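Beneath this line is the structure, given in structure tokens, with notes to follow.
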Amino acid sequence: MTGYVIRRLVQSVIVLIGVSILVFAIVHLVPGDPIRLALGTRGTEETYQAMRERAGLDEPLVVQYFQWIGSALTGDLGVSFRTGQPVANMISERVPATLSLAAAAIVVALLIAVPLGTLSALKPRSPVDWFATVSSQAGLSIPDFWMGIMFILLFAGTLGWLPSGGYVGFTEDPVQWARHLIMPAVTAGVASGSIMTRFVRSSVLEALGQDYVRTARAKGMRARDVMTWHVLRNALVPLVTVGGVQLAYLLSGVVIVEIVFAWPGLGQMALQAVEARDYSLLQGTVLLFAVIFLVVNLVVDLLYAKLDPRISYEQGAAR
Amino acid sequence: MTSEGSERRSEERVEPFAEGARRQARPGGEGGEVTSEGSIQTAGDTADTVAIMGEKHRSRWVETLVLLVRNPMAVASSLVLLVLVIVGVFGDVLAPYGYNEQFVGDQLESPSGSHWFGTDDFGRDVFSRVLLGAEVSLRVGAVAVGISLVAGVLIGLLAGYYGRWIDDALMRFMDMLFAFPALLMAIAVLAILGRGETNAMVAIGIVYTPIFARVTRASVLTVREEVFIRASRASGAGDFRIIFRHVLPNAAPPIIVQTTISLAFAILSEAALSFIGLGTQPPDPSWGRMLSEGRGFIEQAWWMALFPGLAIFVTVLAFNVLGDALRDVLDPRQRSALSGKGAAR
């Protein structure tokens, strides 16, 4: 176990360094002068020179990289080539919106996957199972941006139940926050829910076939208790790790959902950065996403190594 | 984008649980054949054995086809895809109007006998544009997957076959690419290369390369140590010959499955990139682009957004369903993981 943890940590650090080099390269691979591109015709010569100075673009590349990564480690991601604001501030303003969307989406995914997957595993080849298979296939294939637009058409337009887009902070007005969150969260959560449905189904099916379940039934345990204490407890432990991985992917999935629902999060900002040719802002955003992804994956892998289903079974049986 | 990432998700989901099972599961299935082959081979001539392997191989493909034809889902999805390809190739002939033909005074007309899917804000026939958009979607998807297939399979073959530092170096590089959310990475690549259809193909191609590398590598690992590979090496065959004549054909089934599923996600990615204005540029009829135009008129003209989205959905669904059916037939390891019988923990 310790060996595995160390190996996995070293691996992550190597990948992280590589990722930082790739992200660093974004600004330097752009054809032309990134600061001139960002300023367009608006900036004066002085602003241009000041920006160039601040970004350190005249230093040798290696020096620039170490300066950049050094400040990134202290939380300084440089300034926006467009507005001159610190990138870290621009990002942190957007984090709450993206996080609430991703968290809500994972809740939606679980609400779809756990009941549907369990029911279809309990009755294989029944209409419920058939429905679960078909709907998870459809959920994987449906373009989320289209689904979002159709939701807006139906629930915001025709029925007028929900707002068509935008974001209200939780602290400002919890009710409005929730109302604005529903459609984007469902849109972003459906694909993950579909994948997790399949996973829950196979996981529950497997648990149902275990000897300890047969034993529990044989000793006369009530079906409901067998389900709760033996089947679900064991089937859903691996789901923790799958859910973790899904959360990492959801963070990327929200990019387009944010655009559809005018959700002021990081994904929307990344696209705005591309449109404004604000490469330093794009750099910071991409770096943040990649780091989150790597960290979540690392944690999930370590958790999985720790959460051996047999160990959790022993705990469950002890009750 | 969620759905596009989902394939990476499913791959990722499978990785930690199936990596070991994958290696074990093989010999039970197709590997069994190989072992019996191996016993013949120790007694007889190596070259003959390899020839027998070749024949076995062909019969396996025929067997695969038979199994596929028996699966109604596979047949249905293949038919849908066939229709799509026909529409893609003969769209010019089939479409009642040109994709840029404007009917002045007929803007934003609802669906009718003369305009089945209505008209858009420029008075263009939505039905014709959806038909002609098939070509763009299929072409971009195919080229993009072609790029990731060639690059990913080469990387996976080298990593899996040579192992050691080559494996480490290549796969850590793939991990780096894999660490970026799919759509965000495509956006970043397009920020560097500039927007447009060709660059979108390249961007999507890069995004999906690591998946092919991983799938190929894992599959190569299962066949690398097989007796017939060692026999071929002992008989003096060079690495190049061994890799392309023996390793690749035997490692192919999961790669074929991955290709089909990747086509679904590449088409979805193209639509997403065009939707946000970075992919196919106007006036070309791209489904994603049409959707983003339709979004602005959602209150007045729902048909502008409904039909292109439906076209994307049907296309992606068909590739996904076919991919699943192929997996059932070609890659039973995955089947057991999904149906829960084999317990791929």
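The values are calculated or read from the model by the stated rules, or taken from the named source; none is laboratory data. The structure displayed is predicted, hence computed values, not measured ones. Virtual Cβ from ideal backbone geometry, glycine too; neighbours counted across all protein chains shown. Accessible surface areas use protein heavy atoms only, side chains included; no ligands, DNA or RNA. Shrake-Rupley method; radii C 1.70, N 1.55, O 1.52, S 1.80 Å.
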message = Taking 0.36 nm per residue of sequence separation and subtracting the Cα-Cα distance, how much length would be gained by fully extending the chain between A:ARG52 and A:TYR65, in nm to one decimal?
response = 3.2 nm
message = When 1/r is averaged over all different Cα pairs and the result inverted, which Kirkwood radius in Å belongs to the range A:143-279?
response = 17.8 Å
ask   = If you line up the long axis of helix A:2-29 against the longest principal axis of chain A, both from Cα atoms, how many degrees apart are they, to the nearest 10?
value = 40 degrees
task = Just read off the accessible area of A:MET147 with the full protein assembly in place, 1.4 Å probe, to the nearest 10 Å².
result = 20 Å²
note = Along the range A:262-276, Karplus-curve 3J(HN,Hα) (6.51, -1.76, 1.60; θ = phi - 60°) to the nearest Hz, with x for Gly and Pro, reads 6, 8, x, x, 5, x, 4, 5, 4, 5, 4, 4, 5, 5, 8
message = Give me the inter-chain shielding for A:154-163: mean count of other chain Cβ atoms within 10 Å, whole number please.
response = 1
query = Each label point is 7 Å from the Cα along the Cα-to-Cβ direction; what then is the distance between the points at A:ARG214 and A:THR74, in nm?
reply = 6.5 nm
request  = Run the accessible area of the range B:60-344 with a 1.4 Å probe and give the carbon-and-sulfur part as a rounded percent.
outcome  = 65 percent
key: Amide H within-cut-off set for B:GLN281, under 5 Å, with H built and near neighbours excluded   = B:GLU197
task = Take every residue in peptide B:294-301, count the Cβ atoms of other chains within 10 Å of its Cβ, and give the average of those counts.
result = 3
query = Tell me, what ³J(HN,Hα) does each residue in the range A:64-78 have, in order and in whole Hz, if you take phi through Karplus 6.51 cos²θ - 1.76 cosθ + 1.60 with θ = phi - 60° and put x for Gly and Pro?
reply = 4, 4, 5, 4, 5, 6, x, 6, 4, 5, 8, x, 9, 9, x
task = With a 1.4 Å probe and every protein chain kept in, tell me what percent of the accessible surface of chain A is carbon plus sulfur.
result = 65 percent
key: In sequence order, calculated HN-Hα J values of the range A:291-304 (Karplus, 6.51, -1.76, 1.60; Hz; x Gly/Pro)   = 5, 4, 4, 5, 5, 4, 5, 4, 4, 4, 4, 5, 4, 5
remark   = Once Lys and Arg are counted +1 and Asp and Glu -1 for all other residues with Cβ under 14 Å from that of B:GLY133, the total becomes -4
Rounded accessible area of B:ASP92 (nearest 10 Å², 1.4 Å probe) = 130 Å²
ask   = Mean residue ellipticity at 222 nm from the helices of the protein assembly as shown, using -39,500 (n - 2.57) per DSSP H segment of n ≥ 4 over the full residue count, to the nearest 500 deg cm²/dmol?
value = -25500 deg cm²/dmol
ask   = Whole-Å semi-axes of the protein assembly as shown's equivalent ellipsoid, largest first, each the root of 5 times a Cα gyration tensor eigenvalue?
value = 40, 31, 30
request  = Using a 1.4 Å probe and ignoring any ligands, DNA or RNA, find the accessible area of B:THR64 and quote it in Å² to the nearest 10.
outcome  = 20 Å²
ask   = Hey, got the average number of other protein chain Cβ atoms within 10 angstrom for residues in B:280-293?
value = 1
message = On C-alpha positions alone, give me the angle between the axis of helix A:309-318 and the longest principal axis of chain A, in degrees, nearest 10.
response = 50 degrees
remark   = The set of residues whose placed amide H lies less than 5 Å from the amide H of A:SER80, leaving out same-chain residues fewer than 5 positions away, is A:GLN85, A:VAL87
key: Size descriptor, Kirkwood hydrodynamic radius, that averages inverse alpha-carbon separations across chain A, Å   = 22.5 Å
